[in-house]
Structure formats: structure tokens, C-alpha cells
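Structure first, commentary second.
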Amino acid sequence: MARTLILCPTHDHADALMMSIASVRAQNETDWRMVVICDGAPARTVEILQAIEADDPRIEHRVFPKGERYGEAYRDLVLREAAEEFVCHLSDDDLWRSGHLAAMHRLLAEADWGRQGVAWLPAAAEDLRWRFANVGGAVARRAGVAMRPIAPGINNVAYRREAYMALPEGWTAAPAPGPSDLFMWAKFFRAEGMRIASCAEATVLRMPSRGKRAELTPTERAVALGPWLACLNDPATATLRLDKADVLRGLVTLFAYSEIEGVGKFEAAMEHCGLRMVDPGEPCNVAVDGAMLDVPLSRKQRRQGRCAFLAVKAASVEDEGPTARWKEFAADNPKLARRALRDLAGLAPPFPERAQRLGAG
């Protein structure tokens, strides 16, 4: 029996799926079994998977008719039939670095459910985007139960199958249009005694879900993934270095849903969120149940973080002080400020209206 079960649901991304699976087969940890869940997938996808299975017996596929939403019920079925200790997830158009499974095992060494950081592949003239959060503390758990998007994603989450089986309910279709990942993770956050681990490290590279990349056809997405598959494990690939990544959007979202109204400064807001800033190059630790999480941040990234804090703070309280400090920062950093307001406007109400007010002011 393998140690880790990898679930990979797919519908119509056959070309990109081949590259995603290739990144799994390149893992340093080799004791795993993958089940590709064909959720109404076309015959071509099944044909490709049959060829991959013939070459690697660790991979199998299950064919199902198109299920409700994203076929979440099929994930529950496969999990209940499984016996592996750990469960990981793979999206059918994202990539894993070769150390991903080893990183997820470290994450679960003393935890039942864990989430690491996540990075979005850059488009032309853009930086890699990096999001991280310490999801084990009380504030973050409340946000998780409320399905606030401080801990989104599926590739960057792992859990013990035993913990999953103890839940009152497993994978089910989220009420539309709610995200299925946050709907499932809220069940873990609600569970009493659940040990939650976090790490800022990002060993998953995701394709963006919005913007120009989101409009690509499945074949075009595969073409876009190809060059990254060839270099994602090369430390010399500067565009994939986390110390060069953009952190603004992730911190806008984190601060917006982390109850920072009573926090006065950016550094205090990071501590309030369970994050301890360390120098670039220092290792990322694993923090369990809200212990402080080390996040290596460059000077540029800290400036982005300060921008995120000032924008969210000014949008969260009716006070002239935070608004004045935001306006002062925005005057000195207009481009960065515009981006922060755009990210703020993309969140749930009341933030769009407040972002508009700050922009108008």
C-alpha cells in the first residue's frame, strides 16, 4: 500500500493534464498512488490516461458521468475506498515542484490538515504571485469556517485520511456559486481538535484563474505550461524565486478577512495574523495551531505588505487617521496604491464600495 493518495479530478484539460502528471512522476518521494477522476471527461482524455497507466502502474483512472458542479462526490467515493495515510490533490493544469510531496509530509508531521503557500505562474512582464497565511490561529479558523478566501486552493493542501474519515461529511458539491475547496476546508476548520499546520513555502505552481490566461483553451494552457515544466526545478530560474514574487494581492485579502480594525501598524498586523517576517533566504518553518509562521520577505515585498495594510485599514474603519496615512502613501506610491485598490475592489462587500471611496478621495 502506498503512503500517499493523490486525487486529480479532470473534465476537459487532457493536454495540460499530461504535464501536471509529469510533474508528479518527477517527485523525489515515490511512494504514492494517483487516481485521476474523469468527471464526464471525453474519450481522448481516457485514451491518454490508459497510455500513462500502461507506463506507470502507480497511476489509475476512474470514469464517471459528469457529476454535480465539479464532481466532488466522486472524490468522497474514492477516498472512502482508499487506505493511504495522507491525501494530496492535483489540479489538472497546475505543476508540482519535485519536492512537493516531501514538503506536504513535513507539513503533516504533527498535524491533521495542512496548507502551504501557493505561487501563480507569471504572464509576460509580470512577477510570480505568492500567497501565504497562517491558518491555524483562532482568527484564521473563524475566517475558514466563514469560507473567507485567506486559504484558497487545493494543490497546496494535504490532510490525513483518518481525519477526513472522522468528519461528519466529506467532499460534496458546494452550493453554487461557492468555491468547492473553501466549502470542504470549512468542514475541517469546524472539527473539534483538528490540528492545523501552515507553511509559507510554495512547491505548487498554478495557472492564473483570471485575466488573459483564464481565457486560454485547454490546448493553449498546455502550451503555456510546457516551458515551466522544463525549468520549474531549476534554482537558477529567477522568475520562479519567491523572494522576487509579488505578495500584494494575497496580503490585501489576508488583512481584509483577519479582523485588523484594532491594529495600528503593518508589523503588528503581520504578528496579529501569526506571521513573523524574516530575511530572504531563511528557511520556512511549519507552524501548528497558530504558532508563529516565518515568512522570508524582501524589502520590496514588505513595502507591498505595508501598502496592503494601509489600504485595508483605511477601508475598514471610519477614522481620519488611517485615511490620511493611506493618502500619504498613495501619493508617494501611486502605481502600487492603484493595484491595492483594484485588489480590494475584487473582494466581497463592503470592500468594493470602500475601495471606490478611497480611490475617489
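The values are calculated or read from the model by the stated rules, or taken from the named source; none is laboratory data. Predicted model, so just to flag it, every value in this text is computed and none were measured. With ideal geometry, Cβ positions are generated from the backbone for all residues, glycine too; neighbour counts draw on all protein chains shown. Just so you know, the surface numbers come from the protein's heavy atoms only, side chains and all, with ligands and any DNA or RNA stripped out. Shrake-Rupley method; radii C 1.70, N 1.55, O 1.52, S 1.80 Å.
Computed values, structure above
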item: Accessible surface of the chain, 1.4 Å probe, proportion on carbon and sulfur as whole %; result: 52
item: For the stretch 222-239, Karplus couplings with θ = phi - 60° (6.51, -1.76, 1.60), whole Hz, Gly/Pro x; result: 5, 4, 5, 6, x, x, 6, 4, 6, 10, 5, 9, 8, x, 7, 6, 5, 5
item: Crossing angle, helix 334-345 versus the chain [Cα axis fit, 0-90 degrees, rounded to tens]; result: 60
item: Charge context of Ala143, other residues only, Cβ under 13 angstrom, K/R +1, D/E -1; result: +4
item: Computed accessible area, Met18, all protein chains, 1.4 angstrom probe, square angstrom; result: 80
item: Cα centroid of the stretch 167-245 to Cα centroid of the stretch 292-361, whole Å; result: 25
item: Length-normalised contact order of the stretch 171-311 in % [C-alpha pairs under 8 Å, at least 6 apart]; result: 28
item: Charge context of Pro152, other residues only, Cβ under 11 angstrom, K/R +1, D/E -1; result: +3
item: Whether the stretch 206-361 is rounded, prolate or oblate, judged on the alpha carbon gyration tensor where a/c under 1.5 counts as rounded; result: oblate
item: Phi to ³J(HN,Hα) by Karplus 6.51 cos²θ - 1.76 cosθ + 1.60 over the stretch 49-66, Hz, x for Gly, Pro; result: 5, 4, 5, 5, 4, 4, 8, 9, x, 6, 10, 9, 10, 10, 9, 10, x, 4
item: Calculated [θ] (222 nm, deg cm²/dmol) that DSSP helices of n ≥ 4 give over the chain, each run adding -39,500 (n - 2.57); result: -12500 deg cm²/dmol
item: Sequence-distant lysines (8 or more away, or on other chains) whose Cα lies within less than 16 Å of Lys265; result: Lys313, Lys327
item: Alpha-carbon centroid distance for the pair the stretch 74-96 / the stretch 28-67, whole angstrom; result: 12
item: Shape category assigned to the chain from the gyration tensor of Cα positions, a/c cut at 1.5; result: prolate
item: Cross-link partners of Lys300 among aspartates and glutamates (Cα-Cα below 16 Å; sequence separation of 8 or more within a chain); result: Glu126, Asp127, Asp243, Asp246, Glu267, Asp279, Asp332
item: Distant-in-sequence amide H partners of Gly290 (H built 1.01 Å from N, under 5 Å); result: Gly136, Gly137
item: For the stretch 118-262: rounded, prolate or oblate by the Cα gyration tensor [a/c cutoff 1.5]; result: prolate
item: Percent RCO, i.e. relative contact order, over the chain, from Cα pairs under 8 Å lying at least 6 residues apart; result: 17
item: Estimated dipole of the chain in Debye, rounded to 20 [Cβ of Lys and Arg +1, of Asp and Glu -1, Cα centre]; result: 1080
item: Where the stretch 6-61 is the region considered: accessible area per residue in Å², 1.4 Å probe; result: 40
